Amino acid sequence: MVFKRLLGSLGVGGPTVDTVLDPGAARPGGALSGQVHLAGGTADFDVEHVTLELVARVEAEHEDGESEGVVVFDRHTVGGGFRLAAGERHSVPFTLALPWETPVTELHGQPLGVVLGVRTELAVAGARDKGDLDPLTVAPLPAQEAVLEALGQLGFGFRSADLEYGRIGGTGQQLPFYQEIELTPAPQYAHQVNEIELTFLAAPGGLEVVLEADKRGGLFGGGHDALSRFTVPHEGVAPQDWGALVDGWIRELVEHRASYGSHAVYGHGDGHGTGHRSGPDVGTAVAAGAAGLAVGVAGGLVAAEVVDEIGDFFEGDEEGEEEEG
């Protein structure tokens, strides 16, 4: 899906821009490549720069409730410094690295409801125009996929996924928002928790897995949240018994009587620390939730039913509602 727009800030007769991403899903920390196709207008123009912005629809909680908007979470200048003659066609190839914490938008080809985009900014003759916006599809890293599949095999179901503005204390989080995947509890845990919230924080050296349980209240007390953190390396995914590992994480999480954060590499603890999910005082961001429950294909965790909000993302993308991260 490519949206080609006349550069409004240059008026009728200005150049047009059309960014085409290479086919296939990207991965966090991996390469994103494609080409920016420019078509000259009715006059010659000096192209100062061609810049790509990675944008996300993010939602934020604050005192007055929730708000939503578009957050720019990365920016790359991929070309510029040339003259585009009237009617000339010119292409700018690019390859850029995605941030390691780039959210996952699909699992086994099934969209999770999180919406990302690549927006192209063209600076010509002193004017800037964000003239093209394209959806960005991101598949999970092998370790992320293994965790999700293990949860599906254990009986957890997919409820929704969204991006939350704020930070999780005690982690190595880099972006100003984090992805939250909400899961319905497996039958063996349904009497202990209402839901499980999962966040991945990938980095070059490994993957942080943050699990939070909304625990049910007992006979003499209300429910509370428990949070645990675990770390796994990117290598060695195949030999690992992920079902047993993840089940151990869940058992440790639901058996906690307070909100502790534990660091564990392949299930072996190396210390404790508190964890806290926090949002901003002033909201910025987006609802990108997926609807539906599913324990998926071949035992994996897959959305059975999702809400496609790609169209709303592009239609609602106004410059005035941006928040640069």
Subject >> Selection within region 97-114 - aliphatic (A, V, I, L, M) and surrounded by 17 or more Cβ atoms within 10 Å (Cβ to Cβ) >> reply: 98, 104, 107, 112, 114
Subject >> Close pairs from region 170-182: first on the phi > 0 side of the Ramachandran plot, partner assigned to a strand (DSSP E or B) and crowded, with 20+ Cβ neighbours inside 10 Å, Cβ under 9 Å, at least 6 apart >> reply: 170/229; 170/261
Original post:
Hey, does region 61-81 have a residue that's of a type outside the set (Lys, Arg), in contact with a His (Cβ under 7 Å, 6 or more places away or on another chain), over 19 Å from residue 177 (Cβ atoms) and outside any strand (DSSP E or B)?
Top reply: yes
**OP:** Scan region 196-207 and report the pairs whose first residue is assigned to a strand (DSSP E or B) and whose second residue is hydroxyl-bearing (Ser, Thr, Tyr), with Cβ atoms within less than 6 Å and a gap of 6+ or a chain change.
**Re:** 199/178; 201/171; 206/231
Subject >> Complete set of residues in region 160-183 that are farther than 17 Å from residue 71 by Cα, at pLDDT below 95 and surrounded by fewer than 19 Cβ atoms within 10 Å (Cβ to Cβ) >> reply: 169, 170, 172
**OP:** Provide a single number: the residues in region 115-134 that are of a type outside the set (D, E, K, R), surrounded by 18 or more Cβ atoms within 10 Å (Cβ to Cβ) and part of a strand (DSSP E or B).
**Re:** 8
**OP:** Spot the failing condition for residue 151; the list is (1) closer than 30 Å to residue 44 by Cα; (2) buried (at least 23 other Cβ atoms within 10 Å of the Cβ), and only one is missed.
**Re:** (1)
Subject >> Hits in region 48-75 (condition: under 20 Å from residue 168 (Cβ atoms) and surrounded by 22 or more Cβ atoms within 10 Å (Cβ to Cβ)) >> reply: 56, 57, 58, 59, 60, 71, 73
**OP:** From the list 206, 169, pick out the single residue that is more than 19 Å from residue 245 (Cβ to Cβ) and under 20 Å from the mean Cα position of the chain (by Cα).
**Re:** 169
Subject >> Some residue of region 98-106 being aliphatic (A, V, I, L, M) and in a strand (DSSP E or B) >> reply: no
Original post:
Does region 72-91 hold any residues that are out of contact with any Phe, Trp or Tyr (no Cβ under 9 Å at 6 or more places or on another chain) and either over 19 Å from residue 200 (Cα atoms) or without any contact (Cβ under 8 Å) to a residue 24 or more places away in the chain (or both), and which are they?
Top reply: 72, 75, 77, 80, 81, 82, 87, 88, 89, 91
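The values are calculated or read from the model by the stated rules, or taken from the named source; none is laboratory data. Small disclaimer: the values here were computed from a predicted structure and weren't measured. Positions of Cβ are generated from backbone atoms using ideal geometry, with glycine treated the same way; all protein chains shown enter the neighbour counts.
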